[in-house]
Amino acid sequence: MSDSRLEQLRESLTSDLTDDVFEELTHFAPPDEDTPPRDGTFRETALEYVEACIQYREEIRPDSLRSLAELPDEVDRTTTDGWVYYFSNHGVEHSRPIDDANETKDGKYLFFTPTEAQNLEDIVLDEFPRRPYSSAKLPTKLGKKEDWVLCLYQEDNRYWYDVREAHHNPPDVRFRGYKTNEETRQGEYSDRFDQSRSDE
């Protein structure tokens, strides 16, 4: 949730609980339970819950990442389900034709770093203004091999060489290639993905 949206919600909960905010907060209440009263008690409880959720997100987010205020206005970041998600509002068009792709299925470019997660956030902030990515994500804690991983999502791999040239810098950051979402679901790896693992 952005700082401005949080401030709007906080203001609504502490002053005048409008119908749309009330509906937003009670929409998922079990149907067999009474709707909370629209009074100061409910507003205070709701605000405490929202602030606790935001504090929890801040606590589980990797320490090395920027604060929300330090991110560009065109980048949204949220933390949920063990992942830090990034969404671009840059509105960038493709600079390469689809013919440059040898994989046209949805997937992700993968990067790993053994140091700080901010190395991967740097890639997100560098790539989002350049190319049309749908989203990106990195975990809130280290994986089994003690490396941070970044998934940079796109509908094909036409920028494989571009992103590898720009961000493959072992041991700080290792580019592991492009993996389709289908391969991820099936636990498979493409030849190019396997090759990138041996190019470190």
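Couple of notes before you dig in:
- GluC sites (Glu not before Pro) restricted to DSSP loop in the stretch 132-175 with at most 12 other C-beta within 10 Å: Glu146
- Spacing of the modelled spin labels on Ser134 and Glu74, each 7 Å from Cα toward Cβ, amounts to 2.1 nm.
- Working note: Karplus 6.51/-1.76/1.60 with θ = phi - 60° gives the stretch 121-138 the couplings 5, 4, 5, 4, 5, 7, 7, 3, x, 8, 9, x, 8, 7, 5, 8, 7, 9 Hz, where Gly and Pro are set to x.
Rule-based calculations on the coordinates, nothing more; no lab input. Quick caveat, the model's predicted, so the values are computed rather than measured. All Cβ positions, even for glycine, are placed from backbone atoms using ideal geometry, and neighbour counts span all protein chains on display.
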